[in-house]
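Participant: Before I ask anything, let me first share the structure, which is written out below as structure tokens.
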Amino acid sequence: MTDVLVRLATDADRVPMAELFAAVAEERTGIATEPPVDVQRRAATFDLDGTFVAAVDEERVGMLHVDATSHGFGELGMLVARPWRGRGVGSALLDAATVWARGRGLHKLSLSVFAHNDAAIALYRRHGFVEEGRRIKHYRRDSGELWDAVDMGLPL
């Protein structure tokens, strides 16, 4: 893998992360948000606590956010730029988030992933996540389709 630096996000990452988010949303297959994405508005809304970026030089190629709840678990959301998928970026982000979550005293990480996203499900399984349930026809897409979500968890 090319040298990918995974680090906690800073204010300087807000717009590049929002641009990455918008690019992945354009694909309409991996995240719940669909285009158009207001990049400036999205940049302003990021909660940087628990947000990691994967960067190659100045390009942000992936991001992950852990929302640490008051109940002791963290809800995870992640995305990786299409050209960087399958190259270890997701694994590096998950590794950093797991270390961070343990350091925060969280007892578990959880996430939801579209049921058709086989690559992401396989990645999460490789990192120890297990399927905990399925939400049938949970997400209404702009096309009118209703997509299932798989809930997964990783005890820490």
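Participant: Considering only the stretch 125-156, state which residues are small (Gly, Ala, Ser) and part of a strand (DSSP E or B).
Facilitator: Gly133, Ala149, Gly153, listed by residue number.
Participant: Restricted to the stretch 6-55, and to residues that are of a type in the set (Lys, Arg) and assigned to a helix (DSSP H, G or I), which residue is farthest from the chain's Cα centre (by Cα)?
Facilitator: Arg41
Participant: Then there is this: Scan the stretch 80-95 residue by residue and report those that are closer than 25 Å to Pro155 by Cα and among the hydrophobic types (A, V, I, L, M, F, W, C).
Facilitator: Val80, Val89, Ala92, Leu93, Leu94
Participant: Just to check your reading of the model, which residue among Arg87, Arg60, Arg41 is modelled with pLDDT of 95 or more, within 19 Å of Arg14 (Cβ to Cβ), charged (D, E, K, R) and surrounded by 15 or more Cβ atoms within 10 Å (Cβ to Cβ)?
Facilitator: Going through Arg87, Arg60, Arg41 in turn, the sole match is Arg60.
Participant: For the condition free of Cβ contacts under 8 Å to residues at least 40 places away in the same chain and farther than 22 Å from Ser110 by Cβ, what is the one hit in Thr33, Thr10?
Facilitator: Unique residue meeting the criteria: Thr10.
Participant: A further question on this structure: Just name the residue that is farthest from Leu5 (Cα to Cα) out of those in the stretch 56-80 that are part of a strand (DSSP E or B) and over 13 Å from the mean Cα position of the chain (by Cα).
Facilitator: Phe73
Participant: Are there any pairs with C-beta distances below 7 angstrom linking a residue in the stretch 133-147 that is in contact (Cβ under 8 Å) with a residue 12 or more places away in the chain and more than 13 Å from His116 (Cβ to Cβ) to a residue that is among the charged types (D, E, K, R) and surrounded by 13 or more Cβ atoms within 10 Å (Cβ to Cβ), with the two at least 6 apart or on different chains, and if so which?
Facilitator: Pairs that qualify, where the first residue is in contact (Cβ under 8 Å) with a residue 12 or more places away in the chain and more than 13 Å from His116 (Cβ to Cβ) and the partner is among the charged types (D, E, K, R) and surrounded by 13 or more Cβ atoms within 10 Å (Cβ to Cβ), are Gly133/Asp151; Arg135/Asp148; Arg135/Asp151; Ile136/Asp148; Asp142/Glu34.
The values are calculated or read from the model by the stated rules, or taken from the named source; none is laboratory data. Keep in mind that what you see is a predicted model, and the values were worked out from it rather than measured. Don't worry about glycine lacking a Cβ; one is built from the backbone with ideal geometry, like all the others, and counts go over all protein chains shown.
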